[in-house]
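Peer 1: Before anything else, here's the structure in question.
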Amino acid sequence: MRGSPWCFRAGWWHRRAEAPIIRGEHRRNPVPIRRDDRDRYVEVELRRGEEPLWLRCGSCGELVFRRRLRENNYICPRCGAYFFLTAEERIAALVDEGTFQELTLPLESDDPLSFSDRKPYADRLREARESTGLSDAVVVGTGNIAGHRVMLAVMDFRFIGGSMGIVAGEQLAFAMERAAEERIPFVFVVASGGARVQEGVLSLLQMAKT
Ligand SMILES: [Zn+2]
């Protein structure tokens with residue numbers, strides 16, 4: 001329900017944005033914006049694969065040009081809030097340009113418990129694969145950071161909350177073993193909700209493995 005265009009928050013009056021700002025929402029889902037024919041800001045439905053040019057900071061409401069945000073390492077230039085990063089964006093922000101070589105193993109989880117909650121785990125996996133283009137929640141590869149070659153493992157929260165099941169555990173173990181073999185540092189970027197409950201105790205086993 002929309003009331004007054006003003007709201008009192010954190011000791012100050014703020015003019016409400018055209019669309020309600022939900023604190024923290026930008027972390028899961030950056031809000032794409034455009035101006036409509038009456039010069040109002042409206043949210044945009046994006047087709048898959050499209051990138052919005054402008055994003056609104058979920059913390060202060062500032063509209064930020066995507067390229068400016070990227071140059072600022074996905075930190076709001078106005079209020080310093082951190083935006084959500086996909087694995088791909090994290091890698092681009094971390095490694096020297098053009099040096100990343102992906103080594104993610106071609107593995108996919110096959111629902112060992114035939115688990116179902118509000119929807120079957122198999123459907124959840126398929127949707128996550130389609131929406132992220134990833135095979136599971138971890139991306140692995142080598143790259144240079146300030147000229148030093150490292151092994152990287154980066155989680156992607158979009159893939160079922162970055163949760164760790166059999167496949168994620170295997171990718172991590174592979175990356176760590178490979179780093180030890182090559183005697184290069186292993187860098188792990190964690191963005192995970194924890195063990196993947198849909199794989200039960202098999203997920204918990206990954207803790208011993210990694
Ligand atoms: Zn902000």
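The values are calculated or read from the model by the stated rules, or taken from the named source; none is laboratory data. None of these values were measured; they are calculated from a predicted model. Cβ sites come from the backbone with ideal geometry, for glycine too, and all protein chains shown count toward neighbours. Side chains included, ligands, DNA and RNA excluded: accessible areas come from the protein's heavy atoms. Shrake-Rupley method; radii C 1.70, N 1.55, O 1.52, S 1.80 Å.
Peer 1: Is it the case that some residue within segment 201-209 is in contact with a strand residue (DSSP E or B) (Cβ under 9 Å, 6 or more places away or on another chain), closer than 20 Å to F84 by Cα and open to solvent by less than 50 Å² (accessible area, probe 1.4 Å)?
Peer 2: Within segment 201-209, none of the residues are in contact with a strand residue (DSSP E or B) (Cβ under 9 Å, 6 or more places away or on another chain), closer than 20 Å to F84 by Cα and open to solvent by less than 50 Å² (accessible area, probe 1.4 Å).
Peer 1: Might you let me know whether segment 199-207 holds any residue that is in contact with a Phe, Trp or Tyr (Cβ under 9 Å, 6 or more places away or on another chain) and assigned to a helix (DSSP H, G or I)?
Peer 2: Yes, some residue in segment 199-207 is in contact with a Phe, Trp or Tyr (Cβ under 9 Å, 6 or more places away or on another chain) and assigned to a helix (DSSP H, G or I).
Peer 1: Would you point out which residue out of G80, G98 is within 13 Å of the ligand (Cβ to nearest atom) and out of contact with any Leu (no Cβ under 6 Å at 6 or more places or on another chain)?
Peer 2: When all the criteria are applied, what remains is G80.
Peer 1: Would you point out the residue of segment 101-118, among those that are under 19 Å from F157 (Cβ atoms) and modelled with pLDDT of 90 or more, that is surrounded by the most Cβ atoms within 10 Å (Cβ to Cβ)?
Peer 2: T104
Peer 1: Please go through segment 64-87 and pick out each residue that is touching a helix residue (DSSP H, G or I) at 6+ places or on another chain (Cβ under 7 Å) and more than 23 Å from V139 (Cα to Cα).
Peer 2: Of everything in segment 64-87, just one residue is touching a helix residue (DSSP H, G or I) at 6+ places or on another chain (Cβ under 7 Å) and more than 23 Å from V139 (Cα to Cα), namely P77.
Peer 1: Output the number of residues of segment 62-88 satisfying the condition of being of a type outside the set (S, T, Y) and crowded, with 17+ Cβ neighbours inside 10 Å.
Peer 2: 8
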